[in-house]
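The values are calculated or read from the model by the stated rules, or taken from the named source; none is laboratory data. Since we're looking at a predicted model, the values are computed, not measured. Note that each Cβ is placed from the backbone with ideal geometry, even for glycine, and that neighbours are counted across all protein chains shown.
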Amino acid sequence: MSVRAKFVCIAKSGQSPNDNEFYLKLIPVTTGSEENKKFFSATPAGELELQIVNEEAAKQIECGKEYYIDISPAE
């Protein structure tokens, strides 16, 4: 079983130029497309905050872009 949500990145920051810690903040999508309206009806509120220490991974996340979040049991 898995659940899929759709979030948008609203903030991305690093602590300092010499520090490889990146902080991301994502919230559920609300508007912008018919698909987003469907996701909003199932997940109208929430927040996801992540700390990433892998710079290459952090580079893949951009503010303003939308991302699918898949949740499945870890077995």
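Would you pick out the residues in the range 13-54 that are of a type outside the set (Ser, Thr, Tyr) and more than 17 Å from Ile69 (Cα to Cα)?
Residues of the range 13-54 that are of a type outside the set (Ser, Thr, Tyr), as a first pass: 14-15, 17-22, 24-29, 32, 34-40, 42, 44-54.
Gly14, Gln15, Pro17, Asn18, Asp19, Asn20, Glu21, Phe22, Gly32, Glu34, Val53, Asn54 - these are the residues of the range 13-54 that are of a type outside the set (Ser, Thr, Tyr) and more than 17 Å from Ile69 (Cα to Cα).
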Give the number of residues within the range 37-75 that are in a loop (DSSP other than H, G, I, E, B) and of a type in the set (Asp, Glu).
3
Screening Tyr23, Tyr67 for residues that are of a type in the set (Ser, Thr, Tyr) and either under 13 Å from Arg4 (Cβ atoms) or touching a Phe, Trp or Tyr at 6+ places or on another chain (Cβ under 8 Å) (or both) leaves only Tyr67
In the range 3-38, what residues are touching a strand residue (DSSP E or B) at 6+ places or on another chain (Cβ under 6 Å) and loosely packed, with under 12 Cβ neighbours inside 10 Å?
Val3, Ala11, Ser13
Could you go through the range 39-53 and let me know if any residue there is at pLDDT below 90, loosely packed, with under 11 Cβ neighbours inside 10 Å and within 14 Å of Phe7 (Cβ to Cβ).
yes
